[in-house]
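To keep things clear, I will list the structure first and then write my remarks on it.
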């Protein structure tokens, strides 16, 4: 049996090669891989011994040779192929152990040059991998050190079956596809939506099930050349049971809500919507106000805090049952307190720098394909809203409107938020009729709605929304503007002496 070994990831390499040689496998290797093997006292052949031709162009051409690819691609079941090998004095190659240059690691380094990036585009490696994978019934192809022991066990048994060979081939083609995706990303100009696009993803782990028990599910991390802040795929589970699919959905909603605020903020999420939200320098006060927004819905929900959680705050949170708590960090005493609840999941994740756009795309499946959009983000201009009513908002109203405007971005449309003192009092979500969302917000807020402000995630199309809000006690409104009935809507605000501001930006969340 003859093998070519040429790897970038050298983990487990020496032990694997030593065991291959013990199985009487003849090994040929290249450059750095050969040096790494021979440094451990294991003698292997060079590729040049196989091809009869030296490595040239600073190693750009090593394995691109008929002796290599003829030996890989020849079908053992076709006499014509085997006769051609014999005629040209080419011996079959039975195993390819190859993984590729670290392109993503190279181009994500700071100040990497185009020349350095291009030198890390592997040519011979992908060619050998594809050739071996194409001829997998006859040639083993190994791209992942995790498969070394599996292959060794099969070889010791005397045969690597067709099912295992096919699995390795699939993995090999996927390895090259992910590599090519990274190169295409790097070379692509700032075109968010190219004509053809692939997305590379690596499975982190399986989930118990999806949204419902009969659905299979897993977590994948996008493999990208773009340097991105830590996202939910980087979350650390510090305590509690494994995370479910629904946990991840709610954690994403909770964390993105809390981290959209620069000041200390607590968000309480249930079914992807904020049922409690407050910004306050005193985190205990922030938590108490957030919980007061809807203590019934908060039960069994998710708490997100964009500041470290200390013992005093932990003691307050610990009074209510939650599924998950997420924060940048915890004091040792807080961790010990929470760990008394075996079913509570504690998670940590760094807060992303404010104002940083990740460049991530929002991918939504539809029948037969996907819709792709940029992620929703805030613009600087929308936090300089234009007053359109006769009355200017007070400083307190403007502060609360900007808080409510950040909050409503995370409420599913038609989204309405009532807020006061940087606290969410009530919200209406997912209603076909915006007025119903206002009514739900007022009902939730109760008497606290007096003197509150209202935020609408999109334009207010009819005056009835403003009328209901005014009669419920709201004194100011922040909205997108842009309705053909804007004049009527503004006139209604003036009728009730309400302040109204337009942002010119919409934040639908379907």
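Here, each number is a calculation from the coordinates, and none is a lab measurement. Note that the coordinates shown come from a computational prediction; the quantities given were computed from them, not determined experimentally. Every residue, glycine among them, receives a Cβ derived from its backbone with ideal geometry; neighbour counts consider all protein chains shown.
Annotations
- Relative contact order (%) - criterion: Cα under 8 Å, at least six apart; region: the chain: 8
- Hydrodynamic radius of the stretch 162-229 by the Kirkwood approach over all distinct alpha-carbon pairs: 14.5 Å.
- For the stretch 2-187, averaging the sequence separation of C-alpha pairs within contact (under 8 Å, six or more residues apart) and dividing by the residue count gives a relative contact order of 23 percent.
- Here the stretch 262-360 is treated as an ellipsoid with the same Cα gyration tensor; its semi-axes, largest first and in whole Å, are 20, 16, 14.
- Note on residue 226/residue 173: beta-carbon distance plugged into 1/(1 + (r/R0)^6) with R0 of 25 Å gives a FRET efficiency of 0.55.
- Computed from the C-alpha gyration tensor, the three semi-axes of the ellipsoid equivalent to the stretch 233-281 are 21, 13, 9 Å, from longest to shortest.
- Look at the Cα gyration tensor of the stretch 1-75: its axes a ≥ b ≥ c give a/c of at least 1.5 with a/b at or below b/c, and that counts as oblate.
- Anisotropy class of the stretch 374-440 from Cα gyration tensor, a/c 1.5 cut: oblate
- For residue 447 and residue 115, a Förster radius of 51 Å and the Cβ-Cβ distance give a FRET efficiency of 0.15, rounded to the nearest 0.05.
- For peptides 147-158, 267-278, sequence by mean Cβ density within 10 Å, most packed first: 267-278, 147-158
- Exposure proxy for 351, 453: other Cβ atoms within 10 Å of each Cβ, ordered fewest to most, give 351, 453.
- In summary, the convex hull built on the alpha carbon positions of the stretch 2-187 has an orientation-averaged projected area of 11.1 nm².
- Averaging Cα coordinates gives a centre for the stretch 408-472 and one for the stretch 7-30; these two points are 66 Å apart.
- Over the chain, the pair-distance histogram of Cα-Cα distances with 20 Å bins from zero comes to 19, 38, 26, 14, 2 percent, rounded to whole numbers.
- A protection proxy built from the mean count of other Cβ atoms within 10 Å ranks the segments 454-464, 210-220, most packed first, as 454-464, 210-220.
- Listed peptides 363-376, 404-417, 491-504 by packing density, highest first (mean Cβ within 10 Å): 404-417, 491-504, 363-376
- Per-residue ellipticity at 222 nm, computed for the chain from helices alone with -39500 (n - 2.57) per DSSP H run of at least four residues, works out to -10500 deg cm²/dmol.
- Pairwise centroid distance, computed over Cα atoms, of the stretch 271-331 with the stretch 169-229, Å: 33
- Note on the stretch 381-502: Kirkwood radius taken over Cα pairs, Stokes-Einstein applied at 10 °C and 1.306 mPa s, translational D equal to 118 µm² s⁻¹.
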